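Data block below; observations after.
The values are calculated or read from the model by the stated rules, or taken from the named source; none is laboratory data. This is a predicted model, so every value here is computed, not measured. When we count neighbours, we look across all protein chains shown, and the Cβ atoms used for this are built from the backbone with ideal geometry, even at glycine. Calculation scope for accessible area: heavy atoms of the full protein, side chains included, ligands and nucleic acids excluded. Shrake-Rupley method; radii C 1.70, N 1.55, O 1.52, S 1.80 Å.
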Amino acid sequence: MGTCSYVLVGTDTGMKETFGSTCHGAGRALSRNASRRKLNYQEVLQQLNEKNIAIRVASPKLITEEAPESYKDVVDVVDTCEAAGISRKVVKLRPIAVVKG
């Protein structure tokens, strides 16, 4: 929600070793319940605002559930996939807006 994203392309190695599959997200570092308990939605909103990321959500609980801290580091995950040879980075994207709910 407040971190970068990547467009990846598959590789021949990826086709052979993973049937063409690679990461489709960083994966959760905190469960949804843990995120709601640990994080303050107003602080998350402030952090996103400081990064000039607009957000519209149906419920404040979605803000903490989807906060950057709730997920593993996407850069580490993508770098691991690239190092394994199953995918290659094409472009890095920066978020400008988030709509949840």
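The table that follows gives values for the structure above.
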read-out	value
Within region 1-95, chymotrypsin sites (Phe, Trp or Tyr not before Pro) in DSSP loop having at most 15 other beta-carbon neighbours inside 10 Å	19
Inter-probe distance in nm under a simple model that places probes 7 Å from Cα toward Cβ, at residue 13 and residue 43	3.9
66, 50, ranked by accessible area, largest first (probe 1.4 Å)	50, 66
DSSP-defined antiparallel bridges as percent of all bridges, the chain, nearest 5	65
Relative contact order [Cα under 8 Å, 6+ residues apart], the chain, whole percent	51
Along the chain, longest interval not containing exposed trypsin sites (Lys or Arg not before Pro), exposed being DSSP loop plus at most 16 other Cβ atoms within 10 Å	1-50
Calculated SAXS-style log₁₀ I(q)/I(0) at q = 0.17, 0.24 Å⁻¹ - the chain, Debye, Cα scatterers	-0.80, -1.18
Percent carbon-and-sulfur accessible area, the chain, ignoring ligands, DNA and RNA, probe 1.4 Å	52
Solvent exposure of region 12-92 as accessible area per residue, Å², 1.4 Å probe	67
